[in-house]
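Participant: Submitted below is the structure of interest, expressed as structure tokens.
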Amino acid sequence: MRRIMTEAEAVELIAIYTANGIDSITLYISFTSAYLATAYFAGQNLTRFQVLSASGLFCLGAIAAALTCVASVQAWDEIMRDNRTVIDSVPIYASNLWLVMMPALFSAGILVSLYFMWNVRHPRKQ
């Protein structure tokens, strides 16, 4: 049997999942910034093993943060679907935009970061 939440409980859970999503984005930005700084300042001097290690760790961390964020958005969407709350009147929250935008944003950021590292290590000859 499914328990129906009060509006206050639903709003509180939505706030918690939103905070978790924002924390995940913060971690993602931290991983990405560190990776890009490493690529920019040390990329040409790294060995192949070091590049693969740094890239692998970056991908694992960024993907974990992305999955955590997407899971939080999915949980928040499920709560919104099952419970009518005051948040329904806020169009940006009541949109499926987040379920599409967040995975696309994270994926693009990871691919662009990996390309940046590759581009630093393989500069074009002029």
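Participant: Might you let me know whether the stretch 17-25 holds any residue that is loosely packed, with under 15 Cβ neighbours inside 10 Å, small (Gly, Ala, Ser) and in a helix (DSSP H, G or I)?
Facilitator: So far as the stretch 17-25 goes, yes, one or more of its residues are loosely packed, with under 15 Cβ neighbours inside 10 Å, small (Gly, Ala, Ser) and in a helix (DSSP H, G or I).
Participant: Do you know which residues across the stretch 35-92 are touching a residue at least 12 places away in the same chain (Cβ under 8 Å), closer than 21 Å to residue 120 by Cα and under 18 Å from the mean Cα position of the chain (by Cα)?
Facilitator: Answer for the stretch 35-92, where residues must be touching a residue at least 12 places away in the same chain (Cβ under 8 Å), closer than 21 Å to residue 120 by Cα and under 18 Å from the mean Cα position of the chain (by Cα): 35, 36, 55, 58, 59, 62.
The rows are residues; the columns are (1) assigned to a loop (DSSP other than H, G, I, E, B); (2) surrounded by 11 or more Cβ atoms within 10 Å (Cβ to Cβ); (3) acidic (Asp, Glu).
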position: 44; (1), (2), (3): no, yes, no
position: 67; (1), (2), (3): no, yes, no
position: 77; (1), (2), (3): no, yes, yes
position: 91; (1), (2), (3): yes, no, no
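Participant: Among the small types (Gly, Ala, Ser), exposed (fewer than 14 other Cβ atoms within 10 Å of the Cβ) and under 17 Å from the mean Cα position of the chain (by Cα): does that describe residue 30?
Facilitator: Judged against the criteria, residue 30 is a match.
Participant: Looking only at residues that are within 15 Å of the chain's Cα centre (by Cα) and of a type in the set (A, V, I, L, M, F, W, C) in the stretch 1-27, which one is nearest to residue 79 (Cα to Cα)?
Facilitator: Among those that are within 15 Å of the chain's Cα centre (by Cα) and of a type in the set (A, V, I, L, M, F, W, C), it is 19.
No value in this document is a laboratory result; all are computed from the given coordinates. The shown structure was predicted, so the numbers you read here are calculated from the model rather than taken from an experiment. In this analysis, Cβ positions are derived from the backbone assuming ideal geometry, glycine residues included, and neighbour counts consider all displayed protein chains.
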